[in-house]
1. Place the peptides 219-232, 120-133 in order of packing, highest mean first, counting for every residue the other Cβ atoms within 10 Å and averaging per peptide.
2. Please pull out the direction-averaged projected area of the stretch 98-172, using the convex hull of its alpha-carbon atoms, in nm² to one decimal place.
3. Does anyone have the angle between helix 233-244 and the longest principal axis of the chain? Alpha-carbon axes, 0 to 90°, nearest 10?
4. Can you list, bin by bin at 5 Å, the percent of alpha carbon pairs in the stretch 108-252, starting at 0?
5. Hey, which aspartates and glutamates would be in cross-link range of Lys152, C-alpha to C-alpha under 18 Å, not counting anything within fewer than 8 residues on its own chain?
6. If one computes the Cα centroid of the stretch 186-265 and of the stretch 1-62, what distance in Å separates the two points?
7. Just going by the charge dipole of the chain, with Lys and Arg at +1 and Asp and Glu at -1 on Cβ, which of Val17, Ile5, Phe44 is farthest out on the positive end?
8. Highest GNM mean-square fluctuation, the chain, Cα pairs closer than 10 Å: which of Gly12, Gly211, Gly88?
Amino acid sequence: MEEKIFGKRFVGQVALVTGAAKGIGEACALRFAKEGANVALLDFDDANNEKAAAACRAQGVEALAIHCDVSSKESVQAAVDQVMQKWGRIDAVVASAGVYSGLMLPDVTLAQWQRTIDINLTGVFLTNQAVAPILMKQKSGSIVNISSMAGKTSWPSSAEYSASKSGVIGLTRSVAVELAPYGVTCNAICPGNTLTDMVRNVAALVGGRDGLNAEEWLAMRAKDSPAQRLAEPWEIGGVATFLASNDARYLNGQALEVDGGMVMS
Ligand SMILES: NC(=O)c1ccc[n+]([C@@H]2O[C@H](COP(=O)([O-])OP(=O)(O)OC[C@H]3O[C@@H](n4cnc5c(N)ncnc54)[C@H](O)[C@@H]3O)[C@@H](O)[C@H]2O)c1
């Protein structure tokens, strides 16, 4: 599938994206840049984050690659402060930073459980909490939290991941109702399998356990979706920018499946 851009909906606006160095976060950051927004890219993978920021700048906007560990309150607050010092406003926020261990339940140590929750759930909470006072003061803005279809359904080797992603949906609803009176929306996206390093790593690990190579495992997963294919990262970025756009001002507290029709609710 090919990305098509029909206009620049975010000129003069500022988008903040966590997990922006790679995959879905990178695609979201680039899509905001293509549509005219200045972009703050937060990630702890500095080398890839700088490359992603350079790709945004190539679209003719300003972009800042900011070192940030979303599981640290101080790190998230410092990054948000840096964005406010640079541009003085934040219009769209995408919380995409996340990890997936692929471990079966008996193998999930308490430390592994804690790490996944710290990044996938606490990281989203800290990001939402740090930007909330700014958006409330502005009386405008959108938050898009990246959950997963694993937040609504599950499969083997997803215990801590599914728990964290269901938590993101509950958090999103709560933030949505608290911020709605200020004209701020908060929604979640639940992507299906999307072609990123995360899913390629899962394919190697989980596929190996099933006696399949990574390509065979990915082909099998593609058939799980009525679309008969995996998502491209830009297809998630397209929905994230829609949720941050003027067209979605009355869309709030939802967890949208973007999985080719795999999970329907
Ligand atoms: N790829 C998929 O199939 C899929 C499906 C559903 C949901 N998701 C979710 O989408 C989000 C992005 O996944 P992806 O596939 O792009 O993964 P990815 O591994 O390609 O990218 C994740 C990014 O998050 C960053 N990150 C991880 N921990 C961080 C931390 N503590 N602080 C700052 N940055 C951190 C990584 O450095 C990386 O740049 C995740 O939340 C993931 O759970 C992915």
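Please treat every number below as a calculation from the coordinates, not as lab data. Given the structure is predicted, the values throughout are model-derived calculations rather than measurements. Cβ coordinates were reconstructed from backbone atoms using ideal geometry, including for glycine residues, and neighbour counts include every protein chain displayed.
1. 120-133, 219-232
2. Across all orientations, the stretch 98-172 yields a mean hull projection of 4.9 nm².
3. For 233-244 against the chain, the angle is about 40 degrees.
4. It works out to 2, 9, 16, 19, 19, 14, 10, 6, 3, 1, 0, in whole percents.
5. Partners found: Glu160, Asp224, Glu257, Asp259.
6. If we compute the Cα centre of each part, the gap is 19 Å.
7. Going by the charge dipole, the pick is Ile5.
8. Its mean-square fluctuation being the largest, the pick is Gly211.
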